[in-house]
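All remarks here apply to the structure that follows.
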Amino acid sequence: MGLYCDVQPMDRNIPTSPFSGFFLNLCVATDGHTDPNDHGPCAIFTVGPYKGGQLVLDDIGLVIDLQRGQVLFFPSRFVTHYNLHFHGLRASVVMSFDKDGLKWVKTENGWTAHLAGNGGVEG
């Protein structure tokens, strides 16, 4: 999984490494969903002064009351999940691996010859 972040254009660092995706949900209660573009586990943690907002992992019958500072890893691609309504100010931070990143690691999406340092034309 670390390859996602190790092979980036212009050798840039990703601040969420080793995760390739970062989402900040502000005051959001979601409907049940899966994340079909995720590959591997995602990590979620919550911040803010709130009550409620438990994370539901519907397919496996779990309701998780994440406390601030706790991190949960789960396969969001395969498990239907959502959070319950809440009171207060709640933010969730979700980090994941996008499965399309696998194509980039293998082929750099056809850009290899055009990237500086890879034998391409420097601009």
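The accessible surface of the stretch 19-81, taken with every protein chain in place and a 1.4 Å probe, is 59 percent carbon and sulfur. Taking Cβ atoms as reference points and 14 Å as the exclusive limit, the residues near C27 contribute a net charge of +2, counting Lys and Arg as +1 and Asp and Glu as -1.
Distance between the pseudo-spin-label points of H85 and K51 (7 Å out from Cα toward the beta carbon): 1.5 nm. Proximity of backbone amide H atoms, modeled 1.01 Å from N, is registered between F74 and C42 at under 5 Å, excluding neighbours fewer than 5 places apart on the same chain.
The values are calculated or read from the model by the stated rules, or taken from the named source; none is laboratory data. Since the structure is predicted, the reported quantities are computational estimates derived from the model, not experimental observations. No Cβ is skipped: glycine too gets one built from the backbone with ideal geometry, and neighbour counts run over all protein chains shown. Side chains included, ligands, DNA and RNA excluded: accessible areas come from the protein's heavy atoms. Shrake-Rupley method; radii C 1.70, N 1.55, O 1.52, S 1.80 Å.
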